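The values are calculated or read from the model by the stated rules, or taken from the named source; none is laboratory data. None of the values given here were measured: they were computed from a predicted structure. Virtual Cβ from ideal backbone geometry, glycine too; neighbours counted across all protein chains shown.
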């Protein structure tokens with residue numbers, strides 16, 4: 001099997017499985033925390049699979065710092081902080097759910113446009 005024979009969604013799921021195994025190995029060595037980098041981790045999966053992925057990340061990586069690039073806003077709504085960028089510049093930083101409710105927020109604009 002090669003990466004070319006897997007769909008984009010299958011590759012994303014395989015990557016998440018791989019990081020879960022690494023996390024388990026690190027935990028056995030006494031390290032419960034770390035940094036998890038996610039780049040469009042759910043961009044090629046359906047909504048049901050995305051929700052499962054969110055739950056796995058929320059539970060299994062609760063003691064990790066998670067840095068995620070995501071255009072699917074639901075993926076990051078439970079995060080502690082979001083950094084909104086526009087043309088390579090930071091335009092807003094804050095709690096996703098708070099920013100989403102703010103009528104003047106750039107993040108709020110994105111959330112409303114996605115609904």
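The table below lists the values:
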{"read-out": "Tabulated pairs, the range 22-37, first under 25 Å from residue 12 (Cβ atoms), second assigned to a strand (DSSP E or B) and modelled with pLDDT of 90 or more, C-beta under 7 angstrom, 6+ apart or interchain", "value": "35/65; 35/67; 36/66; 37/67"}
{"read-out": "Residue check, residue 53 out of contact with any strand residue (DSSP E or B) (no Cβ under 9 Å at 6 or more places or on another chain) and closer than 24 Å to residue 113 by Cα", "value": "yes"}
{"read-out": "Lone unmet requirement of (1) surrounded by 15 or more Cβ atoms within 10 Å (Cβ to Cβ); (2) over 13 Å from the mean Cα position of the chain (by Cα); (3) not in a helix (DSSP H, G or I) for residue 100", "value": "(3)"}
